[in-house]
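I have placed the structure first, in the form of structure tokens, so that the comments after it can refer back to it.
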Amino acid sequence: REDGSVSAGGMRELVPWMGRLGTAFDVDGLFVEVHDDPDASKCDAATQWPLSRFSALLDTIGVPRKSASHEQQERSGAAWLPPPAWQAGRVSKACTAVEQQLGEALALQLEGATQLRPAIDSLCADLLERRQSGAVYCSAVGKSQASAMHLSALLKSVGLRAHFLDATNAMHGDLGAVKPGDLLIVFSKSGETSELLQLVPAAQAARCRVVGVVCEGGNGGRLRGVCDSIITTPFERELGRHIPQLPTNSVLSHIVFSNLVASTLSERMAESGSFTIAEYGASHPSGSIGKQLTTVSQAMEKDVPQITFLSDGTLSIQDVALTMAAARVGLAVAYESVDGPLLGVVTDTVLRDISTNGRTVMRKSDIRDDFVITEDGQRLLLDYVGNASFVLFRQQQRVVGVVELERTSLNGRQ
């Protein structure tokens, strides 16, 4: 054709080949004229495809057959709509492109982590000072708020007095919470966020140190000129092409930076002994983290009764049951004699098994000896899972607490 397009031009035999050519180039759709008697058609008879051969045409072109309803549409001559799978190739290619861009962004963050190390170390020094006295505030506007909230939440977890500060509300009274010596960290992609440009001088007037975190690619904007220090995180472009302004990789850059700051800070605190994993667990009593960071002293049964075997090496199960019932616990610690060695643990399950077998006395061989002993109540239960069934907490050579691991939420965790 004169306009550059191509058609079968009255050659019905070329329809299958043009269809296959279209699917090879991932076209959005194919328009095919179909007639139950093409030669009798009053319009475009030479290009009409026989309805009786339409199914075979779809198979030749490679269009998936979906359901009986489509068969009915074909027989009735109704319009046939390609199924969603028709676009699978195009969608797959789009996803592949996005995934490739995301991979490039993550690689950029990894590469930039080394360059950020001096800035992160300096910021961690500021944060450690505020752990002794003062507070930390994180602020941002728009999608960058996610980064500010994320960092403030991480800092709280490691014992800092950290808070998210809404930039707008700060200028309407919330700035009153900021005291001399506090630290304010502001996040901005461009460094031109107007609300932050108002907040920073106001916070500095309250004798608060301000650190700005901006994305690479610009010069830090006007924030560079007003903040006490500026940190630039790795960034090239946002993810995707349809809306290139959608904040994706810029937020990712700040989130990765926040993670690096929090992990570096926790390492510094661990090295100095100023914050232990037990303290971290104490501030996370619930959820999966709370279960994993439960200490021996937190989980142990206290005032566990002590039982001693008779000289003949036996003990009445009735006496043991009454002793356990009086203490209102389901276990007891067994010793060979009054001043003898520790044998292990007796549980209500052991007593039940003995009674079921028709016995009235317990022997030393009935004692559960799959236990470990610790004198450190701050040890995590997770350290013992898989190595023993009981953890015995000992002080001054006597067991003062017992944890039955099989009955904790950590049972089965490795």
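What the table below lists for this structure:
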{"quantity": "Selection from L310, T356, W17, by position along the positive dipole direction of the chain (Cβ)", "calculated": "L310"}
{"quantity": "Ellipticity estimate at 222 nm from DSSP helix runs (n ≥ 4, -39,500 (n - 2.57)) divided over the chain, nearest 500", "calculated": "-12500 deg cm²/dmol"}
{"quantity": "Tilt relative to the chain, helix 249-272 - C-alpha long axis, 0 to 90 degrees, to 10", "calculated": "20"}
{"quantity": "Assigned charges on the beta-carbon of Lys, Arg, Asp, Glu; the chain dipole about Cα centre (debye)", "calculated": "700"}
{"quantity": "Degrees between helix 145-157 axis and first principal axis of the chain (Cα, 0 to 90, nearest 10)", "calculated": "10"}
{"quantity": "Point-charge dipole on Cβ atoms (K/R +1, D/E -1) for the stretch 209-301, about Cα centre, debye to 20", "calculated": "380"}
{"quantity": "Theoretical gain in end-to-end length, S190 to Q115 [0.36 nm per residue, Cα-Cα removed]", "calculated": "25.0 nm"}
{"quantity": "Largest-first ellipsoid semi-axes for the chain, taking √(5λ) over the Cα gyration tensor eigenvalues, angstrom", "calculated": "67, 44, 16"}
{"quantity": "Share, in percent, of DSSP beta bridges within the chain that are antiparallel, nearest 5", "calculated": "40"}
{"quantity": "Efficiency of FRET from Cβ geometry, W17 and C43, R₀ 22 Å, rounded to 0.05", "calculated": "0.45"}
{"quantity": "Spin-label model distance (nm) - F31 vs D166, 7 Å beyond Cα toward Cβ", "calculated": "5.4"}
{"quantity": "Principal axis box of the stretch 294-407, alpha-carbon based, largest edge first, Å", "calculated": "40, 29, 25"}
{"quantity": "Cα→Cβ-extended label distance, 7 Å offset, between E216 and E406, nm", "calculated": "5.6"}
{"quantity": "Residues S133 and A97, FRET efficiency given R0 of 60 Å [Cβ-Cβ distance, rounded to 0.05]", "calculated": "0.75"}
{"quantity": "Shape of the stretch 92-275, Cα gyration tensor, a/c cut at 1.5", "calculated": "oblate"}
{"quantity": "Cα long-axis angle, helix 88-132 against the chain (0 to 90 degrees, to the nearest 10)", "calculated": "40"}
{"quantity": "Spin-label pair D126/T276, simplified geometry with 7 Å Cα→Cβ offset, distance in nm", "calculated": "3.2"}
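Coordinate-derived values only; no laboratory data. The shown structure was predicted, so the numbers you read here are calculated from the model rather than taken from an experiment. Quick reminder, even Gly has a Cβ in these numbers, built from the backbone with ideal geometry, and neighbours come from all protein chains shown.
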